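Here is the structure we will look at, set down as structure tokens.
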Amino acid sequence: MIHRDTILLQTEFPGKDKAISTAAAAIRDGELVAFPTETVYGLGANVYDEAAVLRIFEAKGRPADNPLIVHVASIEQASELVMELPESFHVLAEKYLPGPLTLVMKRNAAVLDCVTAGLETVAVRMPDHAVALQLIKDAGVPIAAPSANISGIASPVTAAQAYNDLNGKVYAVLDGGPSSVGIESTVLDLSSDEAMLLRPGMISKEELEATLGKTVNVADDQDAKPRSPGMKYVHYAPTVPLVLFLAQVDLRTKLVAEIGLYLEKGKKVALIGPDSFEDLGAASFYSFGSGSAVEYARHLYSALRYFSAEDIDILLCPGIEETGPGLAVMNRLRKASSRIIGP
Ligand code: AMP
Ligand code: MG
């Protein structure tokens, strides 16, 4: 189904309820709707409508073996999808849900194969975003949704970015303002006795271990048969080459030297990073504020999209420590970069 023009539904007062109920009715009718969440914008369909779910893969150009996350508005709705909610789910739900945490559990017969890419498990998430929660409630069904980008580029964190990618391919984009987290959810597999981190996110491995009171293992995304199929695909790639500098003592000096080399060759070099790096001599600079992991996450995808559309030759980015939420940021940066410079 091709829509000539995608509707942009605003959720500013006073039209909020009307916009959400229009989007919810469209989901129920088998249409695709891009919607806001606190992590990134999602491209949603009724989880029980096979034709609609298949159109998600088509609209994004997403490989069929990359399963979707199912978004729910309540714990009760989560229980519709799984054999049982394990004890660890309840422990984590109490602390983090709604929030940027996706939990993988054994699925039941209600879940379609196309949603899970044939896996015996289903990934479930309850977004911490009032518009998303209202949308799911009004639709009356869980909403299957990957990120609302064309496969291979950065996930959208604003309605305008989602619209840019999906105009003509979806019924509507529901605008709920910029995503506050800015990178995709932590994905944790609870389908066996050991908890396995499939994708790092802002809720860190260390935090999950403290809450669960046990070790969380980390899935190897270089594996031939990865536990989380999405991990094997290239993500987030900007159209400009990105050089990532790992955190190191003399980072400033190294960046200044690298910028100098490009300038000598007459290349336009841009820098993304904390305000303290603004004066290093690059032609363009995109600020990550104070440079905390939270701010890196919030600005990263917009920065990558911004420079993909600009006339520059090379993009440089200083890395951060790969602990806590810094691991999630560096995971995305590593995947986006064409060259990584270590200490
Ligand atoms: P996206 O929504 O585009 O951020 O992608 C969803 C991510 O969740 C991908 O990395 C998927 O591989 C992962 N995922 C979804 N369902 C499952 C599942 N049942 N088991 C493991 N990983 C999953
Ligand atoms: Mg994605």
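Distance between the pseudo-spin-label points of LYS18 and LYS254 (7 Å out from Cα toward the beta carbon): 5.5 nm.
Placing a label point 7 Å from the Cα of ILE75 along the Cα-to-Cβ direction, no residue of segment 102-116 has a backbone N closer than 13 Å.
Approximating the spin labels as points 7 Å out from Cα along Cα→Cβ, the ASP193-to-ASN217 distance works out to 1.2 nm.
Angle of helix 251-264 to the longest C-alpha principal axis of the chain, folded into 0 to 90 degrees and rounded to 10: 70°. Express in % the proportion of alpha carbon pairs of segment 281-343 at distances exceeding 19 Å. Within segment 281-343, distances greater than 19 Å cover 29 percent of Cα pairs.
Averaged over residues, the count of other Cβ atoms within 10 Å places the peptides 202-208, 318-324 in the sequence 202-208, 318-324, highest first. Rolling a 1.4 angstrom probe over segment 83-178 with all protein chains present gives an accessible area of which 53% lies on carbon and sulfur atoms. With respect to the chain, whose longest principal axis is taken over its alpha-carbon atoms, helix 50-60 is tilted by about 10°.
Counting only DSSP H runs of at least 4 residues, each contributing -39500 (n - 2.57), and dividing by the residue count of the chain, the helix-based mean residue ellipticity at 222 nm comes to -9500 deg cm²/dmol. According to the calculation over all Cα-Cα pairs in segment 77-187, the P(r) per 5 Å bin from zero is 2, 10, 19, 22, 22, 15, 8, 2, 0 %. Using every pair of distinct Cα positions in segment 1-110, the Kirkwood expression returns a hydrodynamic radius of 15.8 angstrom.
The packing ranking of peptides 126-132, 243-249, highest mean first, is 126-132, 243-249, where packing means the average number of other beta carbon atoms within 10 angstrom of each residue.
The fraction of all Cα pairs in the chain landing in successive 20 Å bins from 0 to the largest distance is 32, 56, 12, 0, given as whole percents.
The values are calculated or read from the model by the stated rules, or taken from the named source; none is laboratory data. The model shown is predicted, which means the values in this text are computed figures rather than measured ones. Please note: Cβ atoms are built from the backbone with ideal geometry, for glycine as well, and neighbour counts cover all protein chains shown. Only protein heavy atoms, including side chains, enter the accessible area calculation; ligands, DNA and RNA are left aside. Shrake-Rupley method; radii C 1.70, N 1.55, O 1.52, S 1.80 Å.
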